[in-house]
Amino acid sequence: MPSFQCQQCGAPVPFDEPIPRDSECESCRRDLRCCMNCRHYDPSRNNSCRETEADLVEDKARRNFCEYFSFNRSPFAAGRGMNPREAEARAKLEGLFGGRAPVPGSSSEARRKLEDLFKKPPAEENE
């Protein structure tokens, strides 16, 4: 049996081809028979597919009826499924926040500052 890996999380796939249309990854619960797990998937190509005869599939991460589906045999690589626009946005976000995880409790501090910003000033009493 070939050793397939889910291209979204890297978990081993317990199925052999043909992959059942309704199968899900046991680890991430994502659809296995989808464009992102297909050997023809290529975000740099038109419609993100190297197969020129394939019909357009809007959601590349959801199951579909493509007749050209063949499970990707290459090993999992994190970020491979990202389109260039998403990768660029993530890089900018990491740069903006310095690649650090959010500080616990900082959301309550931000909330307090926001509320202070829009708080009405105390009413002055008539003299």
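The table below gives the values:
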{"item": "Residues with amide H under 5 Å from that of Val13, placed H, sequence gap 5 or more", "result": "Phe4, Gln5, Cys6"}
{"item": "Selection from Cys49, Phe69, Gln8, by position along the positive dipole direction of the stretch 1-100 (Cβ)", "result": "Gln8"}
{"item": "Amide H partners (placed H, <5 Å) of Glu24, local residues excluded", "result": "Leu32"}
{"item": "FRET efficiency estimate (nearest 0.05) - Cβ-Cβ, Leu93 to Arg62, R0 30 angstrom", "result": "0.75"}
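Where a number appears in this text, it was derived from the coordinates with a stated rule and is not lab data. Just so it is clear, the structure is predicted and the values come from calculations on it, not from any experiment. Please note: Cβ atoms are built from the backbone with ideal geometry, for glycine as well, and neighbour counts cover all protein chains shown.
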